[in-house]
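The block underneath contains the structure these notes are about, expressed in structure tokens.
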């Protein structure tokens with residue numbers, strides 16, 4: 001892993017006001033997605049917010065009427081209180097309604113947010129599947145993926161904030177109308193108390209986002225260090241090699257750098273925020289003194305005093321909430337931009353024409369003048385590779401580590417495109433076939449196969465997930481791969497949860513996992529089989545048994561085998577020997593032994609180890 005140089009906020013790309021406001025343009029698209037999530041619930045939430053926005057000024061107005069009625073009763077010695085109690089009852093009803101509406105908003109927002117959360121998570125998973133695998137091995141892509149993935153709850157909060165902003169806007173409009181009706185001069189004081197604070201929040205929210213964005217890769221490293229420092233899969237080596245302090249120091253060094261940058265930003269934000277809040281408080285009490293003076297002068301009544309002071313106080317808080325929420329919205333919108341940037345990443349290019357795949361391979365595969373270098377690398381992994389794989393032929397790739405064996409399989413599976421040259425299937429460039437259909441043509445057991453922490457049944461069915469309920473086929477695949485022996489030792493059989501991540505899960509040995517992975521290959525029974533070190537984790541006896549079964553699996557099928565064990569390789573119809581990305585020799589085991597080149601050398605070296 002690359003070491004990171006010390007960074008400061010000043011040497012990072014910052015987001016300006018223009019970028020911050022531009023990010024708000026994503027909000028209409030955002031709400032189109034929410035609208036599609038649940039139209040009825042969205043309309044209920046919007047209606048409740050309109051009611052909630054109008055209630056504050058109505059309650060204040062009823063309060064004014066109540067006070068004026070009390071003064072009228074005491075001044076004129078009126079004994080009939082029925083009108084007063086009617087106003088009190090109305091205010092009580094409105095307060096109850098306000099609470100009911102607030103709870104309805106919280107409920108609808110919560111349900112709508114959860115549904116949208118599910119929808120966006122599904123979109124991210126589906127988008128990741130659509131993207132070319134070369135991007136999945138690129139660190140910059142992972143930064144985009146990380147920001148899109150980790151900001152799910154932030155997008156849910158954004159939804160509530162934007163809807164709340166609309167509600168506050170309506171409420172502010174009604175309160176301002178009330179102030180203008182009685183004392184329009186108070187609006188000037190209101191602006192003085194709010195605008196500076198708003199600009200301050202906008203400024204610092206941009207810097208906060210800029211810092212968080214620029215440190216995406218470092219925060220991923222922090223997560224990784226947390227993982228390897230406290231995980232059952234790494235605990236043995238961490239203890240054995242005494243790595244705890246190394247991991248701790250590396251984590252602390254990186255975390256402290258980020259902490260100090262963030263601390264500096266937070267302190268500045270809080271300091272400026274305090275100064276502007278003091279200005280707001282001065283403006284509020286100036287308005288309060290003005291209102292009291294108007295009452296003492298007999299210009300307005302005590303009821304109007306109550307209404308004006310309550311309206312001004314509520315309006316100031318509403319405006320503070322409005323501008324504070326606006327900064328949160330603009331900041332969240334920047335993250336929203338990251339989400340849509342990820343969703344809008346170009347998927348794998350579609351071919352101009354999708355030629356139907358052959359139902360049965362007639363000729364086979366041909367590599368013609370194939371070169372390959374990984375993106376942004378000048379090092380050629382493959383150089384002028386030319387060979388054929390005939391229909392129904394078992395071909396083995398042999399070579400030392402880094403010779404290009406696995407890279408060949410990635411090219412034939414269309415995970416990558418050749419830098420130069422082409423790969424043909426039955427005389428047709430494989431890029432002309434529909435990619436999804438083409439890749440479904442293959443059954444593959446990768447050397448670094450994934451250990452899904454699902455049940456045994458689900459792990460096997462992954463080979464052909466459409467047959468997950470076909471228990472007969474699952475059992476057959478388990479029997480052929482010797483995974484049946486693993487299942488017999490598990491307490492819950494095929495329903496046993498694997499791995500330690502979940503409750504009652506059971507971990508398997510490397511060899512047991514490999515048998516489960518082999519069962520997936522049997523489950524699919526594909527036209528073309530690729531086996532990349534299929535027996536590497538098995539003991540000699542299990543390897544012999546499994547490979548006998550594998551020979552049955554790939555009988556009459558076009559197949560590719562990669563293995564360092566020559567007892568496996570020698571059973572191939574043809575062996576292709578790679579050295580530094582080029583084909584050094586090719587032939588049967590007997591022919592290559594007679595050549596007395598790299599294959600013979602490696603075979604004899606391995607044979608000596610068994611003597």
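From the list 448, 466, exactly one residue is loosely packed, with under 15 Cβ neighbours inside 10 Å, free of Cβ contacts under 8 Å to residues at least 40 places away in the same chain and not in a helix (DSSP H, G or I). Which is it?
Matching residue, one of 448, 466: 448.
If you check 128, 79, 120, which single one turns out to be modelled with pLDDT under 85 and not in a helix (DSSP H, G or I)?
Of the residues listed, the single one that is modelled with pLDDT under 85 and not in a helix (DSSP H, G or I) is 79.
Regarding residue 491, is this residue at pLDDT 85 or above and surrounded by fewer than 16 Cβ atoms within 10 Å (Cβ to Cβ)?
So residue 491 passes the test.
Residue 334 versus (1) part of a helix (DSSP H, G or I); (2) crowded, with 16+ Cβ neighbours inside 10 Å; (3) at pLDDT 75 or above: which is the lone unmet condition?
(3)
Scanning region 381-403 for residues that are touching a helix residue (DSSP H, G or I) at 6+ places or on another chain (Cβ under 9 Å) and in a loop (DSSP other than H, G, I, E, B), which turns out nearest to residue 368 (Cα to Cα)?
399
Would you check if there is a residue in region 569-582 being in contact with a helix residue (DSSP H, G or I) (Cβ under 6 Å, 6 or more places away or on another chain), at pLDDT below 85, crowded, with 21+ Cβ neighbours inside 10 Å and under 25 Å from residue 361 (Cα atoms)?
Within region 569-582, not a single residue is in contact with a helix residue (DSSP H, G or I) (Cβ under 6 Å, 6 or more places away or on another chain), at pLDDT below 85, crowded, with 21+ Cβ neighbours inside 10 Å and under 25 Å from residue 361 (Cα atoms).
Since residue 373 meets every condition but one in (1) touching a strand residue (DSSP E or B) at 6+ places or on another chain (Cβ under 9 Å); (2) touching a residue at least 60 places away in the same chain (Cβ under 8 Å), which condition does it not meet?
Condition (2) is where residue 373 drops out.
Going by what's in this entry, would residue 479 be described as free of Cβ contacts under 8 Å to residues at least 40 places away in the same chain, in a helix (DSSP H, G or I) and surrounded by fewer than 20 Cβ atoms within 10 Å (Cβ to Cβ)?
yes
Can you find a residue that is outside any helix (DSSP H, G or I), surrounded by 15 or more Cβ atoms within 10 Å (Cβ to Cβ) and at pLDDT 75 or above anywhere in region 297-312?
No, region 297-312 has no match at all.
Just for region 82-105: of the residues that are out of contact with any helix residue (DSSP H, G or I) (no Cβ under 7 Å at 6 or more places or on another chain) and farther than 30 Å from residue 167 by Cα, which one is surrounded by the most Cβ atoms within 10 Å (Cβ to Cβ)?
Only one residue fits best here, namely 85.
Of the numbered conditions (1) modelled with pLDDT under 75; (2) closer than 30 Å to residue 431 by Cβ; (3) out of contact with any helix residue (DSSP H, G or I) (no Cβ under 9 Å at 6 or more places or on another chain), residue 348 satisfies every one except a single condition; which is it?
The single condition residue 348 does not satisfy is (3).
Report yes if residue 266 is over 49 Å from the mean Cα position of the chain (by Cα) and part of a helix (DSSP H, G or I), otherwise no.
So residue 266 fails the test.
Whether any residue in region 422-443 is under 21 Å from residue 568 (Cβ atoms), surrounded by fewer than 20 Cβ atoms within 10 Å (Cβ to Cβ) and touching a residue at least 24 places away in the same chain (Cβ under 8 Å) is what I want to check.
Scanning region 422-443, I find at least one residue that is under 21 Å from residue 568 (Cβ atoms), surrounded by fewer than 20 Cβ atoms within 10 Å (Cβ to Cβ) and touching a residue at least 24 places away in the same chain (Cβ under 8 Å), so the answer is yes.
Identify, by number, the condition in (1) modelled with pLDDT of 80 or more; (2) over 37 Å from the mean Cα position of the chain (by Cα); (3) within 27 Å of residue 402 (Cα to Cα) that residue 550 doesn't meet.
(1)
Taking residue 406 and the conditions (1) out of contact with any helix residue (DSSP H, G or I) (no Cβ under 8 Å at 6 or more places or on another chain); (2) over 22 Å from residue 564 (Cα atoms); (3) modelled with pLDDT under 90; (4) outside any loop (DSSP other than H, G, I, E, B), which numbered condition does it fall short on, given that it satisfies the others?
Among (1) out of contact with any helix residue (DSSP H, G or I) (no Cβ under 8 Å at 6 or more places or on another chain); (2) over 22 Å from residue 564 (Cα atoms); (3) modelled with pLDDT under 90; (4) outside any loop (DSSP other than H, G, I, E, B), the lone unmet condition for residue 406 is (2).
The values are calculated or read from the model by the stated rules, or taken from the named source; none is laboratory data. In this text the structure is predicted, and so the values were computed from the model without any measurement. With ideal geometry, Cβ positions are generated from the backbone for all residues, glycine too; neighbour counts draw on all protein chains shown.
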